[in-house]
1. Residue separation times 0.36 nm, minus the C-alpha to C-alpha distance between Asp44 and Leu57: what's the value?
2. Show which lysines lie in cross-link reach of Lys14 when reach means a straight Cα distance below 22 angstrom and same-chain residues fewer than eight apart are skipped.
3. Hey, which lysines would be in cross-link range of Lys45, C-alpha to C-alpha under 19 Å, not counting anything within fewer than 8 residues on its own chain?
4. For helix 2-60, what angle does its Cα long axis make with the longest principal axis of the chain, in degrees from 0 to 90 and rounded to 10?
5. Given the chain, what whole percent of its Cα pairs are spread farther than 13 Å?
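Here, each number is a calculation from the coordinates, and none is a lab measurement. Since the structure is predicted, the reported quantities are computational estimates derived from the model, not experimental observations.
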Amino acid sequence: MKKRIYELQEQLGKIMVLFEDSEQIEGKLAESMMTGIEVNKELDKVKEILDDIEHKLKAEI
């Protein structure tokens, strides 16, 4: 019986480590998503600038 309790405690420890690892991964994923959103916003600004330049060039031609 003691052996089984020890095995279960060992398995619980491994599960807890996996859970902590998954929480860290989740945090990194959320951080990456926020970075992606920021990059997309900056790309949208660049596109607006390029569109504006394109319109000005077409108007001059």
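1. Numbers: separation 13, 0.36 × 13 = 4.68 nm, distance 1.99 nm.
Gain in length upon complete extension: 2.7 nm.
2. Correct list for Lys14: Lys2, Lys3, Lys28.
3. Qualifying lysines at Cα under 19 Å: Lys56.
4. 0
5. On the way: 1378 of 1830 pairs.
So the pairs more than 13 Å apart make up 75 percent of the total in the chain.
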